[in-house]
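The values are calculated or read from the model by the stated rules, or taken from the named source; none is laboratory data. Keep in mind that this is a model prediction, so the values were computed, not measured. Cβ placement follows ideal geometry from the backbone for every residue including glycine, while neighbour counts extend to all protein chains displayed.
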């Protein structure tokens, strides 16, 4: 250029304004990237209970009977604890069937939820002691305890 001086644009206010806008946009883009990474990490953390080991596809839903078997409880207990077990309503209506994610159920059961205290069997559930019945005449004859009646 003339006189050996080059214009770098540093003294030009328009160039300076454009450079500041560019740097601000770049900083905003980096901020958006950081936020996106944080959101992605959170999504992964929330999906981990639903994924198998090593990020395998999720297991299918199981029903209340299977949860009761896993927990060693009754179906009634399962329905009473459906919320904490992560129940998913299947269908509409007033009382839809419930499905459960096995991983979420295992997670809940692995925590210290307290095992039920063993209760004594109700009185009606204990078998009655029966008196041994006397053998019939034929049974005694076959066992050799009574003489055979001859005709």
Just to check your reading of the model, which residue among 135, 98 is at pLDDT 80 or above and assigned to a loop (DSSP other than H, G, I, E, B)? 135
Could you look through the stretch 49-95, keep only residues that are surrounded by fewer than 12 Cβ atoms within 10 Å (Cβ to Cβ) and modelled with pLDDT of 90 or more, and pick out the one that is nearest to the chain's Cα centre (by Cα)? 65
